[in-house]
1. Pairing the Cα long axis of helix 136-151 with the longest principal axis of the chain, what angle in degrees results, from 0 to 90 and rounded to the nearest 10?
2. Taking the Cα of Phe160, stepping 7 Å toward and past its beta carbon, and measuring to each backbone N in segment 182-223: which are under 12 Å?
3. If the reach is capped at under 17 angstrom between alpha carbons, list the lysines near Lys237, excluding any in the same chain fewer than eight residues apart.
4. Tally up the carbon and sulfur contribution to the accessible surface of segment 1-106 as a whole percent, 1.4 Å probe, everything protein left in place.
5. Let me check against my output: what whole-number percent is the relative contact order of segment 125-263, with C-alpha pairs under 8 Å and at least 6 apart?
6. Return the single residue from Arg261, Arg212, Arg36 with maximal mean-square fluctuation; model: Gaussian network over the chain, springs between Cα atoms under 10 Å.
7. Connecting C-alpha atoms closer than 10 Å in a GNM of the chain, tell me which of Leu244, Leu120, Leu171 has the biggest fluctuation.
8. Identify the trypsin sites (Lys or Arg not before Pro) of segment 70-120 meeting these criteria: DSSP loop state and at most 15 other C-beta atoms within 10 Å of the C-beta.
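The values are calculated or read from the model by the stated rules, or taken from the named source; none is laboratory data. Predicted, not measured: the structure shown is a model, and the values here were computed from it. Note that each Cβ is placed from the backbone with ideal geometry, even for glycine, and that neighbours are counted across all protein chains shown. These area figures cover heavy atoms from the full protein model, side chains too; ligands, DNA and RNA do not enter into them. Shrake-Rupley method; radii C 1.70, N 1.55, O 1.52, S 1.80 Å.
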Amino acid sequence: MTQRLYYQDAYQQEFTATLVRCIPGLQGSTGVILDRTCFYPTSGGQPCDLGTLESVPVHDVTEEDDEIVHWVTGEICGPTVHGQIDWSRRFDHMQQHTGQHILSQAFLQLLKAQTVSFHLGEELATIDLDCTTLEPQSVDAVEDFANQVIFDDRPIVARFVAREDLPSLELRKLPKVDKEIRIVQVQDFDLSPCGGTHCSRSGEVGPNAIRRWEKRGQETRVEFLCGWRAVHDYRWKTRTVNELSLAFSVKDRDLPSSVHRLVEEASEQRHQLQHLFDERLGIEA
């Protein structure tokens, strides 16, 4: 069994471990198993950590039974191994995953919409809700509620509980495992079973921004961004709006109406042009 150091401290970036064994992989890769690790494996909708083992890049991390396998293309020699995770990637995942817990609870409290799945991608994070419609005003209220919890800078703690203790806990959802049940709690707001890495305070999540949503069968998929992702998204959109506003010689808030007017004028001109073209064909005939 691999000791999971990220459960003890999600902010630990380096560690030293004992090499247990190596296993062969595909296309010349090697799976390295250590007695302890900071590397989080892909699971629960959250991608794995990346980083290095003895300066050799780790390109994937998986979980097999109770062991964590670090996949590298290179040779790792023991008996001890020094590892270092990519901290910017880890912290990004912490912001998105903690933000998801807060956003899911906000949807549940305000709209009675339960989160049925979560996916954290390289650029976007999504949750699927058990509802078929969302109104813009309701989404705005949820977004404001989630950000208020973030701005409150509430403590966040994670702990392991026994299954017999679950009935006494007001969990947002039931755990999917029978042993080593880990609970993540946002103070006075959300209590959920989760094995992912999380921020220690809600303020570290940064802004929580909902980008769009769409109906998918009997569910609705919501795209959102937290922390640095939200900042970067706001930055390029602001620059784009400013450039277009300058090009159209209008204020940024007047840009949508100006664009709609131009689209309507262009459509009308196309119809007029087609009419004139048809008239010319008739004259030529």
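1. 40
2. Answer for segment 182-223: 182-183.
3. Counting by Cα, and skipping residues close in sequence, Lys237 has these lysines nearby: Lys251.
4. 49
5. It rounds to 26 percent for segment 125-263.
6. Maximum fluctuation in the GNM of the chain, among the listed residues, is at Arg261.
7. Residue with maximal mean-square fluctuation among Leu244, Leu120, Leu171: Leu244.
8. Those that pass, being in a loop and sparsely packed, are Lys112.
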